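Data block below; observations after.
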Amino acid sequence: MKRKILITGASKGIGNAEAQKLSSGNELFLHASKKSSFKNKIKNAHYFGYDLSKIENINPFVNEIKKTTNTLDVLINNVGIMILERFADFKDEDINTLITLNLHSHLLLTKKLIPLLLKSKNPHIIFMSSMSAKNQIEGESVYAATKAGIMQFAHVLRNELAGEIRVSTIHSWGVNTWGDPEGSPILVPENIAEVVEFILDTKRPFVIESIDLSHELQWKGTKAPWSPENN
Ligand SMILES: NC(=O)c1ccc[n+]([C@@H]2O[C@H](COP(=O)([O-])OP(=O)(O)OC[C@H]3O[C@@H](n4cnc5c(N)ncnc54)[C@H](OP(=O)(O)O)[C@@H]3O)[C@@H](O)[C@H]2O)c1
């Protein structure tokens with residue numbers, strides 16, 4: 001079945017793997033901070049470039065989407081970054097950037113696209129949260145706050161939209177988007193794309209509410225190898 005699928009943060013990493021996985025037979029609407037971020041373009045996909053760490057860009061983004069389509073079947077809220085720092089040393093602007101990009105922009109975009117999704121026969125919203133939402137990893141305080149916010153927001157939204165739009169959340173441990181050697185004990189973006197396809201292919205009224213993912217051998221502690229050191 002051909003679906004209209006919007007993926008935010010789709011120029012690289014997990015979002016790009018999802019776009020590649022879903023490209024066959026679907027109409028894709030792909031977002032990144034700028035259109036030039038897309039290197040190998042998918043035929044017939046629509047491209048959008050908006051920096052969503054600036055919340056004033058949400059309305060122009062939504063307006064451009066609405067000029068391109070008046071309906072959507074799937075919204076994949078994937079965009080996000082991680083900034084690591086001991087909280088006492090966090091820069092104010094980094095706190096703002098994380099909260100705006102990883103949380104605020106997802107809420108506003110979702111709200112403004114619900115009318116387009118409601119025109120679909122089988123609409124679905126997927127949020128890319130993280131296992132950071134459920135853990136206590138030093139250095140990830142603000143990132144974890146945004147991901148826990150997404151998790152809890154999605155739970156309530158799922159209830160509010162029950163019977164209309166299915167809502168699913170993915171919580172993942174590390175995904176190798178930074179070039180660890182092949183075979184490292186960490187998930188790869190294609191693993192997440194596979195799970196997204198699985199979630200979308202389930203039939204109503206079954207809904208995967210949320211799903212936790214890891215590489216079976218990955219480190220899972222409190223102080224990560226990348227956590228900042230105590231002074
Ligand atoms: N990688 C992991 O270990 C992991 C684990 C759990 C959850 N996640 C979550 O999964 C999602 C994707 O992560 P990833 O590792 O695939 O990230 P990534 O490889 O760094 O890709 C990030 C994507 O987001 C876009 N982006 C970044 N800053 C933006 C901004 N200010 N405005 C608009 N777009 C922006 C990038 O576009 P440009 O190319 O234009 O910058 C790119 O398309 C995030 O929400 C992340 O928190 C990741």
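Every number here is computed from the coordinates shown, using simple stated rules; none is lab data. All values derive from a computational prediction rather than experimental measurement. Neighbour counts are summed over all protein chains in view; Cβ atoms, including those assigned to glycine, are modelled from backbone coordinates with ideal geometry.
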Efficiency of FRET between residue 66 and residue 36 - r from beta-carbon atoms, R0 30 angstrom, step 0.05: 0.85
Isotropic mean projected area of the C-alpha convex hull, region 65-165 (nm²): 6.9
Region 35-109, Rg to Rh (Cα coordinates; Rh as Kirkwood inverse mean 1/r): 1.04
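What's the Cα-based Rg to Rh of region 145-228, Rh via Kirkwood? Don't skip to the answer; put the middle values down first.
Details: Rg = 15.3 Å, Rh = 14.7 Å.
Rg/Rh: 1.03.
Per Stokes-Einstein, at 4 °C and 1.567 mPa s, what whole-number D in µm² s⁻¹ belongs to the chain, with the Kirkwood radius over Cα pairs as the hydrodynamic radius?
72
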Between 0 and 90 degrees, rounded to the nearest ten: what's the tilt of helix 13-22 against the longest Cα principal axis of the chain? 30
Which peptide among 130-138, 35-43, 99-107 comes first, and what is the full order, when sorted by highest mean count of other Cβ atoms within 10 Å? 99-107, 130-138, 35-43
Using a cut-off of 10 Å between beta-carbons, work out the net charge of the residues near residue 204 (Lys and Arg +1, Asp and Glu -1, residue 204 not included). +3
What is the chain's relative contact order, in percent, from Cα pairs under 8 angstrom and six or more apart in sequence? 20
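Listed highest first by mean packing, meaning other Cβ atoms within 10 Å per residue, what order do 89-96, 12-19, 112-119, 47-54 come in?
On the way: 89-96: 12.4, 12-19: 22.6, 112-119: 16.8, 47-54: 18.6.
Highest-to-lowest ranking by the protection proxy: 12-19, 47-54, 112-119, 89-96.
Considering only Cα-Cα distances, which of the following residue pairs are longer than 30 Å: 34/203; 67/121; 43/134; 35/147; 119/220? Spell out each step's value before the answer.
Values: 34/203 35 Å; 67/121 21 Å; 43/134 38 Å; 35/147 26 Å; 119/220 42 Å.
Over 30 Å Cα-Cα: 34/203; 43/134; 119/220.
Could you give the size of the charge dipole of the chain about its Cα centre, using +1 on the Cβ of each K and R and -1 on the Cβ of each D and E, expressed in debye and rounded to the nearest 20? Don't jump to the answer; show the numbers that get you there.
Details: 27 positive and 25 negative charges, 237 e Å.
Result for the chain is approximately 1140 debye, rounded to the nearest 20.
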The ³J(HN,Hα) series, computed from each phi in region 195-210 with the Karplus coefficients 6.51, -1.76 and 1.60 at θ = phi - 60°, rounded to the nearest Hz and given as x for glycine or proline, is 5, 4, 4, 4, 4, 5, 7, 5, 9, 4, x, 5, 9, 7, 5, 8
